[in-house]
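Worksheet: the structure to be examined is printed underneath.
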Amino acid sequence: MKVIVIGSGLGGLTLAHGLRRAGIDVAVYERDAASGRPQGVSLHVDERGRSALRACLPPAHFAMVEATTGGPREQTLTLSDVDGELVAEAGRARPGRQVHRPLLKAVLLTDLDDVVSFEAEFTRFEQRADGTVRVWFADGRTDTADVLVGADGIGSAVRRRYLPEVRVVDTGRRMIMGATPLRAVLGTGLPGLIGDNPASAQIRGTTIVVAVLRFTESPLSARRRWLPALSRTAAAEVEDYVMWALPVTQESLGAATVSRRAQELAMGLPSALRTVVGEAWPDVTVALRIGSIPPPEPWPASPVTLLGDAIHLAPGFGGNLAMQDARHLCEVLAEAHRGRLGLLDAIGVYEDTMRRNGFAAAKAGT
Ligand SMILES: Cc1cc2nc3c(=O)[nH]c(=O)nc-3n(C[C@H](O)[C@H](O)[C@H](O)COP(=O)(O)OP(=O)(O)OC[C@H]3O[C@@H](n4cnc5c(N)ncnc54)[C@H](O)[C@@H]3O)c2cc1C
């Protein structure tokens, strides 16, 4: 069996590792260059994402991820300003750990040199009479496989061709996200107050979420121990930091204005939180549009399928859903590869589970 995966994001790469370990021929095609584009600095990984990584990655890759997460998180704390002092109270339970996203991506790319092709933009596909799928790329290249997986994110070109009725809706919500070196805010008392838990505050009309990522093991030492093939630069370019997010609505924010706007929004916050925003790395501050995908009616299974943000959007935990999809899809394709399940039955089973997990979770916001 051969599988073509479009997109080398969290879902596509998790799937590629799992398929390869199951003895299935896999080719990943990625539109961007190998250097990629910034997609946020940190990721809250819960049990859905963690168990998918454990199931799909080679043991050394998984050990590298585990060694470099932040400490365990139990809940989101609520911060308030009591007579000028920042106070933290227990809040909503949200177990998981924080992971440095560029490092996770570099781990996922390690040992896939012969699988991933960069600067390969998918444009269209055709289902052929013999059951295979032929795929075309912007530079004229083509490839053919038994299964095509669209793991190409929110703007998915595979989804647009395969399920053109499915639309991404702009919710009007925006999120400014940034990160600040921990050393710049140690004196504020905030890191000690919140520990490894994320914390949210709604103070004088401004909402902010903050979380500290303290690597449990230095990425360079974990690389030496677990994954020497990992790019040294990816492991060397990291230090402990605080990530933060400021939700806003309906604003049009360009790269030139986003840092200034974040500082304006933070002006009414207590000084510890103002410092977090004020000392941020400017090149990491980004404004994101929050979209959603209304759940479509179920469609019949075919050799073309979708995973992750390409088919369901869940701000704040979409990465976990993408990795969970990858794990389930890998499991059923492995069953089909061993002859225990027909290929279309396998894809149908995966899609039922994916719709149940993805759309229900996105609706519930968990
Ligand atoms: C700032 C930020 C913070 C976030 N925080 C969290 C968090 O804490 N926890 C969490 O679970 N989720 C979080 N998310 C959401 C999470 O990042 C996404 O849900 C996740 O990346 C989706 O993975 P994916 O594999 O489906 O798609 P992506 O990771 O978006 O990957 C899609 C890939 O497809 C490629 N591609 C697109 N079009 C083509 C084409 N035509 N041809 C070839 N390749 C193509 C893209 O270049 C990209 O590499 C966050 C997102 C952002 C932006």
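The values are calculated or read from the model by the stated rules, or taken from the named source; none is laboratory data. What you see is a predicted model, and the numbers here were worked out from it, not measured in a lab. Backbone-built Cβ (ideal geometry, glycine too); neighbour counts: all protein chains shown.
One table, with the values for the structure above:
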quantity: Test for R37: is it out of contact with any strand residue (DSSP E or B) (no Cβ under 8 Å at 6 or more places or on another chain), without any contact (Cβ under 8 Å) to a residue 40 or more places away in the chain and of a type in the set (D, E, K, R); calculated: yes
quantity: Residue that is over 25 Å from M243 (Cα atoms), more than 16 Å from the ligand (Cβ to nearest atom), surrounded by fewer than 23 Cβ atoms within 10 Å (Cβ to Cβ) and among the aliphatic types (A, V, I, L, M), where the choices are A33, A22; calculated: A22
quantity: Candidates D152, D146 - the one that is more than 26 Å from the chain's Cα centre (by Cα) and over 29 Å from Q263 (Cα atoms); calculated: D146
quantity: Strands (runs of 3 or more DSSP E) lying entirely in the stretch 226-325 (those with 1 or more residues that are of a type in the set (K, R)); calculated: 286-292
quantity: Sole residue being surrounded by fewer than 18 Cβ atoms within 10 Å (Cβ to Cβ), out of contact with any strand residue (DSSP E or B) (no Cβ under 7 Å at 6 or more places or on another chain) and over 15 Å from L148 (Cβ atoms), chosen from A364, A314, A322, A334; calculated: A364
quantity: Count - residues of the stretch 33-47 that are of a type outside the set (G, A, S) and either part of a loop (DSSP other than H, G, I, E, B) or at pLDDT below 90 (or both); calculated: 5
quantity: Selection count, the stretch 88-99, where residues are over 25 Å from L10 (Cα atoms), touching a residue at least 24 places away in the same chain (Cβ under 8 Å) and not in a loop (DSSP other than H, G, I, E, B); calculated: 1
quantity: Count of residues meeting criterion [polar (S, T, N, Q) and more than 20 Å from V41 (Cβ to Cβ)] in the stretch 69-99; calculated: 3
quantity: Complete set of residues in the stretch 55-73 that are in contact with a Leu (Cβ under 8 Å, 6 or more places away or on another chain) and in a helix (DSSP H, G or I); calculated: C56, A60, H61, F62, A63, M64, V65
quantity: Top-ranked residue in the stretch 139-189 [being part of a loop (DSSP other than H, G, I, E, B), surrounded by 16 or more Cβ atoms within 10 Å (Cβ to Cβ) and acidic (D, E); ranked as farthest from the ligand (Cβ to nearest atom)]; calculated: D146
quantity: Residue ID - farthest from the ligand (Cβ to nearest atom), chosen from residues in the stretch 45-74 that are more than 18 Å from R327 (Cα to Cα) and crowded, with 19+ Cβ neighbours inside 10 Å; calculated: M64
quantity: In the stretch 155-190, residue nearest to Q263 (Cα to Cα) [restricted to those that are of a type outside the set (A, V, I, L, M) and in contact with a helix residue (DSSP H, G or I) (Cβ under 7 Å, 6 or more places away or on another chain)]; calculated: G178
quantity: Per-region count, the stretch 83-136, residues of a type in the set (D, E, K, R) and either touching a Lys or Arg at 6+ places or on another chain (Cβ under 8 Å) or within 16 Å of the ligand (Cβ to nearest atom) (or both); calculated: 11
